[in-house]
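Taking it in order: structure first as structure tokens, then the write-up.
The values are calculated or read from the model by the stated rules, or taken from the named source; none is laboratory data. All figures in this text were calculated on a predicted structure; none of them were measured in a lab. Here the Cβ positions follow ideal geometry from the backbone for every residue, glycine too, while neighbour counts run over all protein chains shown.
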Amino acid sequence: MKKNGTISKWLAYIFLSVLCVIWIVPIIFGLMTSFRSQSELVSSGFRLLPVDWIVDNYIAILENTSTAPILQWLGNSLFIAVSHTILVVIVVSLTAYGYSRLRFQYRDQLFFLLLGISMFPGVVNLIPSYKIIETFGWVNSPLAMIIPGLAGMGNIFLVRQFMKGIPKEFDESARVDGAGEFTIYSRIILPMIKPVLIVTGLFSFTGSWNDFLWPVIVYSDVEKMPITAGLLLLQDIYGNYRMIGQLMGSAFLAIIPTMLLFLFAQKYFVQSMNLNAGVKG
């Protein structure tokens, strides 16, 4: 049995290592491409490391503030993603508290009805969603990216399940002491669900930052675009083998914030999987 366990562990390591190589090699190659000259890109074959390391691509990217203001796009994306994430954490935690701790008629039926409706592909809602934001005058506005999707049922389900692992005795003891529902939510439940809220915030930030289809639809003003819509514009400016190094450099500037966020928040993933992580005995 011990030998079989060792073999299984090594097979798992080998499988995960292969997956890691499959994921990391294209990323490294793309990063190295951003440090190559255009002449090297069109003349040499596959080579992992550049022959001559240059930073001209990044200098050209940062200096282009007219047709491709990438720093402005990064700032727009950061504002949208941070605002969206903060509001998601507030809305999702309040909603999950209602569905897990409060008692009202048809609570569970309503929750699973909304969960079922959320299973429909998001593309089905594109036209109605656009009509709604057009009615509110949010086209070419950050609100078009910040407000939609605040009450995502996937996030609510995750936080609700985490909350259900917290014993109800905490709530009852607080009510005996005269605490109201908002006090219980803010003083007792929120500190206990910190890991899952961080993971929810991480998912929301990366989802907002990496969203591509929706910003392409709702933005036409170049200066107001987030980075994902801007990258599509860069394909016309730098694409067709004209400036591949600058295109790859722009793409890597776009993924730096999410990479750093995952590095700093990865420990909370394991905690969020434990439904009793917030309960300390």
Assuming residue 207 fulfils every condition listed in (1) surrounded by 14 or more Cβ atoms within 10 Å (Cβ to Cβ); (2) in contact with a helix residue (DSSP H, G or I) (Cβ under 8 Å, 6 or more places away or on another chain); (3) part of a helix (DSSP H, G or I) apart from one, which condition is it?
(2)
Out of (1) at pLDDT below 90; (2) in contact with a helix residue (DSSP H, G or I) (Cβ under 9 Å, 6 or more places away or on another chain), what's the single condition that is false for residue 138?
(1)
Among residues of region 163-186 being among the basic types (Lys, Arg) and assigned to a helix (DSSP H, G or I), the residue farthest from residue 95 (Cα to Cα) is 175
Please name all residue pairs, on different chains or six or more residues apart, with Cβ atoms under 8 Å, provided the first residue is in region 108-124 and is within 16 Å of residue 96 (Cα to Cα) and in contact (Cβ under 8 Å) with a residue 40 or more places away in the chain and the second residue is basic (Lys, Arg) and assigned to a helix (DSSP H, G or I).
111/160
Would you pick out the residues in region 14-52 that are more than 16 Å from residue 246 (Cα to Cα) and aliphatic (A, V, I, L, M)?
14, 16, 18, 19, 21, 22, 24, 25, 48, 49, 51
Which is within 19 Å of residue 251 (Cβ to Cβ), free of Cβ contacts under 8 Å to residues at least 12 places away in the same chain and assigned to a helix (DSSP H, G or I), of 14, 28, 24?
24
Considering residues of region 125-161 that are of a type outside the set (Val, Ile, Thr) and without any contact (Cβ under 8 Å) to a residue 12 or more places away in the chain only, the residue surrounded by the most Cβ atoms within 10 Å (Cβ to Cβ)
143
Which members of region 31-55 meet the condition of being without any contact (Cβ under 8 Å) to a residue 40 or more places away in the chain and either more than 21 Å from residue 252 (Cβ to Cβ) or outside any loop (DSSP other than H, G, I, E, B) (or both)?
32, 39, 40, 43, 45
Residues that are of a type in the set (A, V, I, L, M), farther than 22 Å from residue 233 by Cα, exposed (fewer than 14 other Cβ atoms within 10 Å of the Cβ) and modelled with pLDDT of 85 or more: does region 25-48 have at least one?
yes
Filter region 162-180 for residues that are surrounded by fewer than 14 Cβ atoms within 10 Å (Cβ to Cβ) and of a type outside the set (Lys, Arg) and give the result.
167, 169, 172, 173, 176, 177, 178, 180
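Could you tell me how many of the residues in region 166-184 are in contact (Cβ under 8 Å) with a residue 12 or more places away in the chain, touching a helix residue (DSSP H, G or I) at 6+ places or on another chain (Cβ under 9 Å) and not hydrophobic (A, V, I, L, M, F, W, C)? So that I can check it myself, show each step before the final result.
Just the residues of region 166-184 that are in contact (Cβ under 8 Å) with a residue 12 or more places away in the chain, to begin with: 166-168, 170-171, 174, 181, 184.
In the following step, the residues that additionally are touching a helix residue (DSSP H, G or I) at 6+ places or on another chain (Cβ under 9 Å) were identified as 166, 168, 170-171, 174, 181, 184.
Now drop any that are not not hydrophobic (A, V, I, L, M, F, W, C), which leaves 168, 171, 181.
So the answer is 3.
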In region 64-86, what count of residues is obtained for those that are buried (at least 19 other Cβ atoms within 10 Å of the Cβ) and among the β-branched types (Val, Ile, Thr)?
3
If I filter region 129-142 for residues that are within 16 Å of residue 85 (Cα to Cα) and not in a helix (DSSP H, G or I), do I get at least one hit?
yes
